[in-house]
Amino acid sequence: MTKERFGRDYYQRFYRNARSSVTSQAEMTARANLIAAYVKHIDCPVGSVLDAGCGLGLMRTALLRALPGATYVGLEYSEYLCQKYGWLNGSIADYRPRQPFDLVVCYDVLQYLDDESAAKAMRNFANLCRGVLFFSALTRRDWRENADQRRTDPAVTMRTAEWYRSRLRRHFRHIGAGFWIRRGAPLVTWELESV
C-alpha cells in the first residue's frame, strides 16, 4: 500500500463520481445511524469515537449528531485526505492514542493491508477500543456474491471472513451485524441478540 495510491484520483473514482462510486452519503449516514442506535441500545456510553480509515468522513456528521458530546477522531492513511479534511495521518496498525476509545469504527479498510499489517491492526484494536468495535472488510465471498465489481476496488487482499473473525475473537465478543464488544467491557447483550 503506497500513500500515492490514495490521492485525489482514487477518491474521485470510488467516492465522488456518482457513476463509479462504491457508496453514497445516504448509505454511510444510514450506517452511522445504525452504529449509534446499537451503542445506545446496549447502554454503551460513548464519549469518544475513532473512525479508523475514515476516508471522506462520510459517517462523521451522523455519528456526532446521534452521539451528542462525543469527540471524533478521523484516522486516515491518505495524506491527500488529511491535508484536505484535517484528519489525523496514520495507520491503524500502529496508531497509539493516550486513551482507548469507547467506539471504534473500521469500515472497509483492512483489505488494503497485507496479511502481516492487517493482523497487526487487528491486535491493535484491543488497545484502541474499550467498548464497541464496528468492523467490516471485503471478503472473498463478498467479492464473488455481494460486491458490485464495476464499482469496488479489486486491488486489495481478499481473505475469508473466518480469517478476520478468528483474530477479533481473541479480544472481542461478536454480536452480529459487524458489531464486536471488547471482552471485559461492562456491556450486557441478551443471548438471542448475540451470535
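Computed values, structure above
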item	result
Distant-in-sequence amide H partners of residue 159 (H built 1.01 Å from N, under 5 Å)	140
Segment residue 22-residue 37, extension gain: residue separation times 0.36 nm, minus the distance between their alpha carbons	3.0 nm
The stretch 3-193, relative contact order [Cα under 8 Å, separation at least 6], %	19
Distant-in-sequence amide H partners of residue 131 (H built 1.01 Å from N, under 5 Å)	182
The chain: angle of helix 25-41 to the longest principal axis, Cα-based, in degrees nearest 10	10
Projected label distance in nm at residue 71 and residue 98, using a 7 Å step from Cα toward the beta-carbon	0.7
5 Å-binned pair-distance histogram of the stretch 140-183 (Cα, whole percent)	5, 19, 24, 18, 16, 13, 4, 1
Projected area averaged over orientations for the chain, convex hull of C-alpha atoms, nm²	10.6
For the stretch 10-17, Karplus couplings with θ = phi - 60° (6.51, -1.76, 1.60), whole Hz, Gly/Pro x	4, 6, 5, 5, 8, 9, 9, 8
Residues listed by number, the stretch 153-195, amide nitrogen under 11 Å from residue 143 label point at 7 Å toward C-beta	153-160
Mean ellipticity per residue at 222 nm, deg cm²/dmol - from DSSP H runs of n ≥ 4 across the chain, formula -39500 (n - 2.57)	-9000 deg cm²/dmol
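Values quoted throughout were computed directly from the atomic coordinates according to the rules given, and no laboratory measurement underlies them. Being a predicted model, the structure only gives us computed values, none of them experimental. Because the Cβ atoms are built from the backbone with ideal geometry, glycine has one as well, and the counts that use them run over all protein chains shown.
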